[in-house]
1. Accessible area per residue for segment 95-173 in Å², computed with a 1.4 Å probe and the full protein assembly in place, what is it?
2. When the accessible area of segment 16-149 is computed with all protein chains present and a 1.4 Å probe, what percentage of it is carbon and sulfur?
3. Compute the semi-axes of the equivalent ellipsoid of segment 11-142, taking the square root of 5 times each eigenvalue of the Cα gyration tensor, and list them largest first in whole Å.
4. Under 30 Å between C-alpha atoms is the cut-off here; go through segment 64-176 and count lysine pairs that meet it, provided they're at least eight residues apart or on different chains.
5. At a 1.4 Å probe radius, which order do Arg73, Arg99, Arg19 fall into by accessible area, largest first?
6. As a test question: what accessible area, to the nearest 10 Å², does Val22 have when a 1.4 Å probe is rolled over all protein chains in place?
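The values are calculated or read from the model by the stated rules, or taken from the named source; none is laboratory data. Computed from a prediction, not measured in an experiment: that's the story for all the values here. Heavy atoms of the whole protein, side chains included, go into the accessibility calculation; ligands, DNA and RNA do not. Shrake-Rupley method; radii C 1.70, N 1.55, O 1.52, S 1.80 Å.
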Amino acid sequence: MTSAFHSSIKKGVSIWGYRLGVSVNDKYKVGIGGYFLKQELAGMKLDATGIPINQLTKNVYYGTIYYEPYLFRRKRWEMSMVFELGYGKALLDSVNKIRGRFLTKTEEQIFIPAGMGYSVNFIIPDIKGLHFLTYLGLNGMIGLRKAVFESDLKYNFDGWYWSIGSAVFIDKIFAD
């Protein structure tokens, strides 16, 4: 299981999420992931009272399934490729001030994210009397994500991403 902080390299968007998977025959991992983003953007122009003339709130939620074949698997680290495919929803709430009145608009976009990248896990070494720490580690990922939208593309969620998070190696717990 991995908890992660994802960030888009291009725009600095923070996407938070979790992944849960199993290792199969020490050759690959399969699992599911869930991610979310809440981003609030305000325009630079202000009205006479100091309120932004336009604002946008993005709420993005999506789930994925993933396949992750190992490239290397060593005692204290492992490297794999990541292939993900998912389904999600983007809720876009905008507020614009036109002729003295605030107009609110809500849009919903269904999208299918697909991505690929590389993942590295570092496993904590065995410390005398603290063997349970070997079930924990650090995960790093880098990759490219592309999203296909059901409706007209209004906002681009594509791009490079990186992730740093903690990892719990459930397979090592059961092996002991």
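1. 62 Å²
2. Within segment 16-149, the accessible surface is 65 percent carbon and sulfur.
3. Working from the Cα gyration tensor, I get semi-axes of 43, 18, 11 Å.
4. Count of close lysine pairs: 12.
5. On the way: Arg73 65, Arg99 230, Arg19 15 Å².
Listed by decreasing accessible area, they come as Arg99, Arg73, Arg19.
6. Its accessible surface works out to 90 Å², give or take rounding.
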